[in-house]
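A.B. asks: Mind looking over this structure? Questions follow.
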Amino acid sequence: MHVANTPAGVQDCVAWLVQKRRRVRSVEDRALEDEKLTYILEAARMIPTGANRQAFQLIVVQTKGRGGKMKRLYGQDWFAGAPIVICACAAPSYGLNVGIVVDRMILAATEQDLGARWIGAFDWDAARELLGVPEELAPIVLIRGMT
Ligand SMILES: Cc1cc2nc3c(=O)[nH]c(=O)nc-3n(C[C@H](O)[C@H](O)[C@H](O)COP(=O)(O)O)c2cc1C
């Protein structure tokens, strides 16, 4: 779709990303480069939030050597093997922000040719215990990925 006044090369970018993004199960056994993680977190920082409160927190876990513990969050091997897990948290009334932030991060990961996946059906109690989710926040979604 052509959008008027959009610079050449940019106009199809969103459509391309949306079509390219797919849930990914396979993982490669390599770390996620710092600059790619920074790019993804920067995409999160740029999101619009209600009253610009940025009322969400992201807990980033480098999972190398912790696969066994990660399995307590979500019991699948492909989850435990992911090099990075990001837990997006918010007070329950700010849950909408989390939807936006996760979608943006997954698109940013897709742009970097990284696989990422939403995980909603994880063990909240295990997430609180293992990831240190603050008492007043709910762990709403995990993103697993990304290489
Ligand atoms: C809010 C949300 C929660 C999800 N939770 C899980 C989950 O707990 N486990 C899982 O394997 N996939 C989960 N998914 C991934 C979906 O199953 C997947 O995105 C959907 O089947 C469409 O496939 P696609 O992402 O390849 O287009 C979730 C997706 C969304 C948007």
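Where a number appears in this text, it was derived from the coordinates with a stated rule and is not lab data. Everything numeric in this text was worked out from a predicted model, so none of it was measured. Cβ placement follows ideal geometry from the backbone for every residue including glycine, while neighbour counts extend to all protein chains displayed.
A.B. asks: In whole Hz, what ³J(HN,Hα) sequence does the range 118-134 give by Karplus (6.51, -1.76, 1.60; θ = phi - 60°), x for Gly and Pro?
C.D. replies: Computed from phi, the couplings for the range 118-134 are 5, 10, x, 9, 9, 8, 4, 5, 5, 5, 4, 6, 7, 9, x, 5, x Hz.
A.B. asks: Divide by every residue of the chain the summed helix terms, -39500 (n - 2.57) for each DSSP H run of at least 4, and state the resulting mean residue ellipticity at 222 nm, rounded to the nearest 500 deg cm²/dmol.
C.D. replies: On the way: 6 runs with 53 residues, N = 147.
Only helices count here, giving -10000 deg cm²/dmol.
A.B. asks: With θ set to phi - 60° and the Karplus curve 6.51 cos²θ - 1.76 cosθ + 1.60, what are the ³J(HN,Hα) couplings of the range 53-64 in order, to the nearest whole Hz, using x for Gly and Pro?
C.D. replies: Couplings: 7, 6, 7, 8, 10, 10, 10, 9, 10, 7, 8, 3 Hz.
A.B. asks: So, one more: Would you please give the FRET efficiency between residue 51 and residue 18, computed as 1/(1 + (r/R0)^6) with r the Cβ-Cβ distance and R0 = 22 Å, to the nearest 0.05? Intermediate values should be presented prior to the final figure.
C.D. replies: Details: r = 28 Å, r/R0 = 1.26.
After rounding, the FRET efficiency stands at 0.20.
A.B. asks: Once you place label points 7 Å from the Cα toward the Cβ at residue 25 and residue 42, how far apart are they in nm?
C.D. replies: 3.4
A.B. asks: What is the distance in Å between the Cα centroid of the range 86-125 and that of the range 46-60?
C.D. replies: Cα centroid to Cα centroid, the span is 12 Å.
A.B. asks: A further question on this structure: How do 133-143, 107-117 rank on mean C-beta neighbours within 10 Å, highest first? Write out the running numbers ahead of the final one.
C.D. replies: Details: 133-143: 18.1, 107-117: 19.9.
Order by mean packing, descending: 107-117, 133-143.
A.B. asks: Can you give me the pair-distance distribution of the range 73-127, C-alpha pairs, 5 Å bins, whole percents?
C.D. replies: Bin by bin from 0 Å, the calculated values are 4, 16, 26, 26, 18, 9, 1.
A.B. asks: Using +1 at the C-beta of Lys and Arg and -1 at the C-beta of Asp and Glu, which of 17, 38, 94 has the Cα lying farthest in the positive direction of the dipole of the chain?
C.D. replies: The listed residue farthest towards the positive side: 17.
A.B. asks: Can I ask one more? List, largest first, the extents of the alpha carbons of the chain along their principal axes, each in whole Å.
C.D. replies: For the chain, the Cα extents along the three principal axes come out at 50, 38, 25 Å.
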